[in-house]
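Encoded as structure tokens, the structure appears first; notes follow it.
The values are calculated or read from the model by the stated rules, or taken from the named source; none is laboratory data. Here the structure is a predicted model, which is why all the values come from computation and not from measurement. A quick note on method: Cβ atoms are made from the backbone with ideal geometry, for glycine too, and the neighbour counts reach across all protein chains shown.
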Amino acid sequence: MSQSSPPIPSPHALQIFGLAILVVVAAGTVHNFLISGEGASASLHPISAFGYAALGLGLIFHEWIRRGTWIWPLVSGTIVLVSLQKLSEVFIPGWFQVLNAPIFLNWKSAAGFNSTFSIGTAIALVSLHMSFNLARQVRSVALLFLGIATAGTLFNLLSLSFQLILWTGDLSQFSLAAMMFGSAAMTYALRNAALMRPLFSHAPYGFFTRTLVVGAILVPWISGAFYVRNAQINPEDLFGLQLAFALIGWIMLALVLIIGHAMEGWSSALKRAIRNDPLIRLRTRQGLSESFKQVTDHQGVILFDLDNFETFSEIHGYELGNQVMRDIARGTSSSLRHGDILARWGGTQFLAVLPVPNEDGLMVAAERLRALVESLNPETIGSNEPRITASFGVSMVQAKETNIDGAAERAEEALFAAKALGQNRVVRASSLPINDRDITLDKPLLTAPKPEMTMRHEEDPY
């Protein structure tokens, strides 16, 4: 799918995610004042609450934001800068302290917040806001930030599992929940990206990819929790243990997405092979049928079959025979007008669909193709050797017909008649005898045996 495809296909889904984030923020804020205290689980830090609430509102009003407003860049940019300040204070020695300054810490304690603006939350806020802001402009970079947010979410999910088992309370469940909803929302928003498409595909490989993703998330989480529960863990080794199990999950998830992307490519290649003939690079019967969702009675069908192709190929070799078939396909296709469609109907049969006012126009086009096919024989063929020609049957699409099947069947009967009359000619379906029409000479045409009109199977790569 092209990069120009809209990255946010369903605004209602994103609004639901945004509303869920706001509910989590509200619950975390209430928890701060009614439940939180010494010994209780960690609450939602006010900076975290503001950052996630802004993301939730951005998801809800993303269409308004997309039209352009100075408020959103100011709010989102402030959140990103504050989060980067937190990360700089932690990782850069000598960086000036703002969030860890005594005045700020004293204010937080006085307000009754039992919470910490953690490194994981800061990384998540930077990643999610940047992914949201870049989703429509630079999708590849937005996908990179989403990957960082997802990796952080999986790590924090694993941390929560370990801490619940060890009865510690350093991680806010509200921050983790908002992080999960935000990552899920941006995954959905970027579902047209190449790595994300398999997750949302209705094809069998889509279900397989989603199943593997769930496994990539649950296996490290369950195995890590089981290990911590049954092993004697040194508190100093806990972070390294969390990182090790998280790394397993990250690698598994990355491999699953790569495998899903590869399966999508294989599926697309198979569909192209089904819809397009690899030998002569024309549509197949299925590809042609899919091209016509609706037909009109001003369309006609030309069905033609190559004469003497089997004999020609047995004498001169199937390699030369296939080359002649490619030349015929290329020549007839290039001779058609814009809007005409040519397909390989099967074996040595070709079918063209043309917009024409009546059957007379269809006959003129078919005769032009017949002469063209006759002229495409290799010059090395001797005068006594069989030459490749083509027999044609034509029929108009009739009123109330919704596809080309009926016209193709009538054209096929006309094609059989052309074969019976001596090949290398054009017969219109309307000239054939029908029902109780009083005929004598034409009757054998309907009962004549249908000639062999297919290539030797093992020699046809299609």
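Is one or more of the residues making up the stretch 33-46 at pLDDT 85 or above, part of a helix (DSSP H, G or I) and either crowded, with 19+ Cβ neighbours inside 10 Å or over 39 Å from the mean Cα position of the chain (by Cα) (or both)?
Yes.
Any residue that is surrounded by fewer than 22 Cβ atoms within 10 Å (Cβ to Cβ) and touching a helix residue (DSSP H, G or I) at 6+ places or on another chain (Cβ under 7 Å) - is there at least one of those in the stretch 348-355?
So in the stretch 348-355, the residues surrounded by fewer than 22 Cβ atoms within 10 Å (Cβ to Cβ) come out as 349, 354-355.
In the following step, the residues that additionally are touching a helix residue (DSSP H, G or I) at 6+ places or on another chain (Cβ under 7 Å) were identified as 354.
Looking through the stretch 348-355, at least one residue is surrounded by fewer than 22 Cβ atoms within 10 Å (Cβ to Cβ) and touching a helix residue (DSSP H, G or I) at 6+ places or on another chain (Cβ under 7 Å).
Applying the selection to the stretch 47-86, what residues are of a type in the set (S, T, N, Q) and either crowded, with 19+ Cβ neighbours inside 10 Å or in contact (Cβ under 8 Å) with a residue 12 or more places away in the chain (or both)? Lay out the reasoning, then the answer.
Quick first cut of the stretch 47-86, residues of a type in the set (S, T, N, Q) only: 48, 69, 76, 78, 83, 85.
Answer for the stretch 47-86, where residues must be of a type in the set (S, T, N, Q) and either crowded, with 19+ Cβ neighbours inside 10 Å or in contact (Cβ under 8 Å) with a residue 12 or more places away in the chain (or both): 48, 76, 83, 85.
Could you grab me the full set of residues in the stretch 1-32 that are modelled with pLDDT of 85 or more, over 30 Å from residue 201 (Cα atoms) and crowded, with 20+ Cβ neighbours inside 10 Å?
25, 28
Here is a list: 411, 448, 420. Which entry is more than 23 Å from residue 358 (Cβ to Cβ), out of contact with any His (no Cβ under 7 Å at 6 or more places or on another chain) and modelled with pLDDT of 85 or more? Give the steps one after another, and end with the answer.
Working: 411 fails: more than 23 Å from residue 358 (Cβ to Cβ); 448 fails: modelled with pLDDT of 85 or more.
Unique residue meeting the criteria: 420.
Just the residues that are at pLDDT 90 or above, surrounded by 21 or more Cβ atoms within 10 Å (Cβ to Cβ) and farther than 24 Å from residue 324 by Cα, please, taken from the stretch 387-407.
395, 396, 397, 407
Among (1) of a type in the set (D, E, K, R); (2) loosely packed, with under 12 Cβ neighbours inside 10 Å; (3) within 24 Å of residue 144 (Cβ to Cβ), where does residue 236 come up short?
(3)
When only residues in the stretch 253-288 that are of a type outside the set (A, V, I, L, M, F, W, C) and outside any helix (DSSP H, G or I) count, which is farthest from residue 201 (Cα to Cα)?
Residues of the stretch 253-288 that are of a type outside the set (A, V, I, L, M, F, W, C), as a first pass: 260-261, 264-265, 267-268, 271-272, 275-278, 281, 283-287.
Next cut, outside any helix (DSSP H, G or I) only: 276-278, 281, 283-284.
Values: 276: 22, 277: 25, 278: 26, 281: 28, 283: 25, 284: 25 Å.
Here the answer is 281.
List pairs: first in the stretch 134-149 and under 23 Å from residue 246 (Cα atoms), second β-branched (Val, Ile, Thr) and not in a loop (DSSP other than H, G, I, E, B), Cβ under 9 Å, 6+ apart or cross-chain?
From residues that are under 23 Å from residue 246 (Cα atoms), the pairs are 145/126; 146/187; 148/123; 148/126; 149/123; 149/126.
Considering each of 74, 87, 59, 81 in turn, give the residue that is assigned to a helix (DSSP H, G or I), under 21 Å from residue 181 (Cα atoms) and either polar (S, T, N, Q) or at pLDDT 90 or above (or both). Don't jump to the end; show me each part of the working.
Numbers: 74 fails: under 21 Å from residue 181 (Cα atoms); 87 fails: under 21 Å from residue 181 (Cα atoms); 81 fails: under 21 Å from residue 181 (Cα atoms).
Result: 59 is the single residue among 74, 87, 59, 81 that is assigned to a helix (DSSP H, G or I), under 21 Å from residue 181 (Cα atoms) and either polar (S, T, N, Q) or at pLDDT 90 or above (or both).
Across the stretch 295-352, what is the total count of residues that are over 35 Å from the mean Cα position of the chain (by Cα), within 14 Å of residue 279 (Cα to Cα) and hydroxyl-bearing (Ser, Thr, Tyr)?
So the answer is 1.
Name every residue in the stretch 280-291 that is of a type outside the set (Lys, Arg) and either exposed (fewer than 15 other Cβ atoms within 10 Å of the Cβ) or in contact with an Asp or Glu (Cβ under 6 Å, 6 or more places away or on another chain) (or both), in order of residue number. Lay out the reasoning, then the answer.
First pass over the stretch 280-291, keeping only residues of a type outside the set (Lys, Arg): 280, 282, 284, 286-291.
Listed by number, the residues that qualify are 284, 286, 290, 291.
Quick one: count up the residues across the stretch 152-172 that are under 21 Å from residue 85 (Cα atoms), modelled with pLDDT of 90 or more and not β-branched (Val, Ile, Thr).
1
Restricting the search to the stretch 183-224, which residues are of a type in the set (Gly, Ala, Ser), in contact with a His (Cβ under 9 Å, 6 or more places away or on another chain) and in a helix (DSSP H, G or I)? Spell out the reasoning first.
We begin by selecting, within the stretch 183-224, every residue of a type in the set (Gly, Ala, Ser); these are 183-185, 189, 193-194, 201, 203, 206, 215-216, 223-224.
Filter once more, keeping what is in contact with a His (Cβ under 9 Å, 6 or more places away or on another chain): 189, 194.
If the condition is that a residue be of a type in the set (Gly, Ala, Ser), in contact with a His (Cβ under 9 Å, 6 or more places away or on another chain) and in a helix (DSSP H, G or I), then 189 is the only one that fits.
Name every residue in the stretch 298-335 that is surrounded by fewer than 18 Cβ atoms within 10 Å (Cβ to Cβ) and of a type in the set (A, V, I, L, M), in order of residue number.
315, 320
What is the one condition in (1) modelled with pLDDT under 75; (2) surrounded by fewer than 16 Cβ atoms within 10 Å (Cβ to Cβ); (3) part of a loop (DSSP other than H, G, I, E, B) that residue 433 does not satisfy?
It fails just one condition, (1).
Among the listed residues 210, 191, 139, which satisfies the condition of being in contact with a Lys or Arg (Cβ under 7 Å, 6 or more places away or on another chain), under 28 Å from residue 265 (Cβ atoms) and in the same structural domain as residue 255 (by TED's automatic domain parsing)?
Answer to the selection: 191.
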